[in-house]
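Data first, discussion second: the structure below is written as structure tokens.
The values are calculated or read from the model by the stated rules, or taken from the named source; none is laboratory data. Since we're looking at a predicted model, the values are computed, not measured. Neighbour counts run over all protein chains shown; Cβ positions are idealised from the backbone, glycine included. Just so you know, the surface numbers come from the protein's heavy atoms only, side chains and all, with ligands and any DNA or RNA stripped out. Shrake-Rupley method; radii C 1.70, N 1.55, O 1.52, S 1.80 Å.
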Amino acid sequence: MSLKKVVLAFSGGLDTSFCAVHLKEEGMEVHAITINTGGFNKEDIKRLEKHAFALDVKSYKCVDVTKDYYEKILKYLIFGNVLKNNTYPLSVSAERVCQAIATAEYVKEIGADAVAHGSTGAGNDQVRFDMIFNILLPEVRIITPIRDLKLSREEEITYLKKHNVQMDFEKSKYSINKGIWGTSVGGKETLTSNLPLPEEAWPTKVSLDKTEKIALVFEKGQLMGINDLVFKHPVDAIQKLSEIIAPYGIGRDIHVGDTIIGIKGRVGFEAGAPLVIIKTHHALEKHVLTKWQIYWKDNMSTWYGNWLHEGQFLDPVMRNIEDFLQSTQEFVSGKVFVALHTHRYIIEGIESPHDLMSAKYGTYGEMNKSWTGEDVKGFTKIFGNQAAIYYQVNNLKIESGHED
């Protein structure tokens, strides 16, 4: 009788390495797939392939979905200036959805009987993966060894050592996930509420101590240039910006948030390029959009980010919101000037042909050119008219900030 085929979403870390060995031991034919969302270079992929076959998988494949990831998800996070709890650029949240969809496509391609992932039973990823698989692969069994066996990282390490697996187990003390939209870092410190991550836990070391000024060029909301460099695709611009920013240590933080399963969680991350892109894009929007465009964008983007974070990317309402976000970017074009310093950055200003601060119409706090003082007197009377009627009709007065 032939072995049951299982597709394993494989990152090469501690959890998925355990899954590969355990599934094989359970008598399954393991087909490992790595979904590259911009975190692996050619050398990384060769190393992952070698490691996968050392774990005795039947086959290994790496699929690069970085540009698809950008087109379907990341550009909308930029359009919406999405930061979870005003802090976190959804580095892992968005990535997991993309990886789950690509893994599901591979399951269909090879006709696998099951799909496996290395999520624990205490985090968000288990929900994201399971939900996508349930929607796209309703007839396929989902296997989650780490969750089902309730394993600690120490128990996984012991198991792999027993099976003579060669890995850097010292490095495995920290769970690191790298993609184009940032790198997450989890360890014993992030399981507490008070401890910071030590310097050695951060994947990128700080090596620059100087000031550097750069100009980011946006075209209809998308980053297409840095200084004099023009890029064919925003992914290339993001990768170049990451290269420039990383040595400054910009974008390090610890996010505290509400998990899908109802508990609080902490995770460290470094996401210099995503944070600078979102903040510069937002600065440009404040100059070129109207106040009501900004208001509704803020509201809808927050909801969009939260729903994506919870794995609900396939909900059709997400496509409706994406259409709205896309429509707001028609005039979000121009340059944003940024000064980079060690561990911080400053947005110095913008240039855009669509800047609504144009001096042609007036200078805030100094001179107007489109109305007179008499115009303002009449406008003020009308603008406050209903409130004035309310107070007069009800014979109200204000004392200590309250109606009396």
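Key figures
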| read-out | value |
| --- | --- |
| Long-range amide H partners of Asn36 with built H, under 5 Å | Val63, Asp64, Val65 |
| For the range 205-346: rounded, prolate or oblate by the Cα gyration tensor [a/c cutoff 1.5] | oblate |
| Karplus (6.51, -1.76, 1.60) ³J(HN,Hα), θ = phi - 60°, over the range 121-130, in Hz, Gly and Pro reported as x | x, 10, x, 7, 4, 4, 6, 4, 5, 4 |
| Net dipole in debye of the chain [+1 Lys, Arg Cβ; -1 Asp, Glu Cβ; about Cα centre; nearest 20] | 320 |
| Theoretical gain in end-to-end length, Lys381 to Lys58 [0.36 nm per residue, Cα-Cα removed] | 108.5 nm |
| The chain: antiparallel DSSP beta bridges as a percent of all, rounded to 5 | 70 |
| Nonlocal amide H pairs with Gly123, under 5 Å, H built at 1.01 Å | none |
| Accessible area per residue in Å² at 1.4 Å probe, computed on the chain | 53 |
| Over the range 278-336, relative contact order from alpha-carbon pairs under 8 Å, at least 6 apart, % | 62 |
| Charge-dipole axis of the range 264-404 as Lys and Arg at +1 and Asp and Glu at -1 on Cβ define it, positive-most pick from Ile350, Asn385, Trp292 | Ile350 |
| 3J(HN,Hα) from dihedral phi, the range 240-247, Karplus parametrisation 6.51/-1.76/1.60, rounded to Hz, x for glycine, proline | 5, 5, 4, 4, 6, 7, 3, x |
| Cα-centre dipole for the range 152-219 with unit charges at Cβ (Lys and Arg positive, Asp and Glu negative), debye to 20 | 120 |
| Point-to-point label distance, Arg319-Tyr390, nm (Cα→Cβ direction, 7 Å offset) | 4.2 |
| Förster radius 41 Å - calculated FRET efficiency between Lys108 and Leu356, Cβ distance, rounded to 0.05 | 0.25 |
| Karplus-derived HN-Hα couplings along the range 99-111 (A = 6.51, B = -1.76, C = 1.60, θ = phi - 60°), whole Hz, x at Gly and Pro | 5, 5, 5, 5, 5, 4, 5, 5, 4, 5, 4, 9, x |
| Theoretical gain in end-to-end length, Ile261 to Arg141 [0.36 nm per residue, Cα-Cα removed] | 41.0 nm |
| Accessible carbon and sulfur surface of the chain relative to its total accessible area, %, 1.4 Å | 53 |
| Nearest-0.05 FRET efficiency for Val206 and Lys286, computed from C-beta distance (R0 35 Å) | 0.70 |
| Net charge over other residues, Cβ less than 13 angstrom from the Cβ of Ala52 (K, R count +1; D, E count -1) | +3 |
| Asp298 paired with Thr158, simple spin-label distance in nm, labels 7 Å along Cα-to-beta-carbon | 5.2 |
| Mean separation of Cα contacts under 8 Å, 6 or more apart, over the residue count of the chain: relative contact order % | 17 |
